[in-house]
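Heads up, the thing below is written out as structure tokens.
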Amino acid sequence: MTVSIKEHPYPYNLVYQVFGREIPREELAPDLDESLEYVFETLMNGYEVFILILRFLCHMKIREIAEYYGLTEGRIRQIIQGAEFKLRHPSRCRYLQQGCAAIWQQERQLEQPDGGSGQEMPLKQLAGRPAI
């Protein structure tokens, strides 16, 4: 069953297309817009992002995007499929599922030597660690 990209509002239509199934909004990141923007800005190429935006936000047809870029419809499909493949990669996919705020909080906790409690590590524990 094919679902039109207009049946879901952006960015849920893009998420539906990437995962290939309906995902309840409760299972997606609470800051999905911000997370998607972060992935677009830092982990993907500009032309891929722009084509995805034209397709899923502006609801342009592949033919219209092809005319805009002066490319064939087949090439635009390849670019969209490649961008969706990149979004399925675990390094990008986790931003869509967990959100930027949750991931950054986890990373900050991992960076703290005391496990994220905010307290200084006692010297006895530091003594056995190798120097960096």
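The set of residues in segment 103-118 that are out of contact with any Lys or Arg (no Cβ under 9 Å at 6 or more places or on another chain) and either at pLDDT 55 or above or aromatic (Phe, Trp, Tyr) (or both) comprises 104, 105, 106, 107, 108, 109, 110, 111, 112, 114. Looking across segment 55-101 at every residue that is more than 14 Å from residue 36 (Cα to Cα) and of a type in the set (Gly, Ala, Ser), the one that is modelled with the lowest pLDDT is identified as 82.
Among residues of segment 52-81 being of a type in the set (A, V, I, L, M, F, W, C) and over 12 Å from residue 14 (Cα atoms), the one that is nearest to the chain's Cα centre (by Cα) is 79.
Every residue, every condition in (1) of a type in the set (Phe, Trp, Tyr); (2) buried (at least 17 other Cβ atoms within 10 Å of the Cβ), yes or no:
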{"position": "7", "(1), (2)": "no, no"}
{"position": "29", "(1), (2)": "no, yes"}
{"position": "34", "(1), (2)": "no, no"}
{"position": "47", "(1), (2)": "yes, no"}
{"position": "68", "(1), (2)": "yes, no"}
{"position": "91", "(1), (2)": "no, no"}
{"position": "106", "(1), (2)": "no, no"}
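Looking at residue 39 and the list (1) modelled with pLDDT of 90 or more; (2) β-branched (Val, Ile, Thr); (3) under 13 Å from the mean Cα position of the chain (by Cα), which single condition is not satisfied? Just one mismatch for residue 39, condition (1). For segment 69-95, a tally of residues being over 13 Å from residue 17 (Cα atoms) and in contact (Cβ under 8 Å) with a residue 40 or more places away in the chain returns 3.
Take the conditions at pLDDT below 75, out of contact with any strand residue (DSSP E or B) (no Cβ under 6 Å at 6 or more places or on another chain) and loosely packed, with under 14 Cβ neighbours inside 10 Å and apply them to residue 131. Does it pass? Judged against the criteria, residue 131 is a match.
The values are calculated or read from the model by the stated rules, or taken from the named source; none is laboratory data. As the structure is a prediction and not an experimental result, all values here were calculated from the model. When we count neighbours, we look across all protein chains shown, and the Cβ atoms used for this are built from the backbone with ideal geometry, even at glycine.
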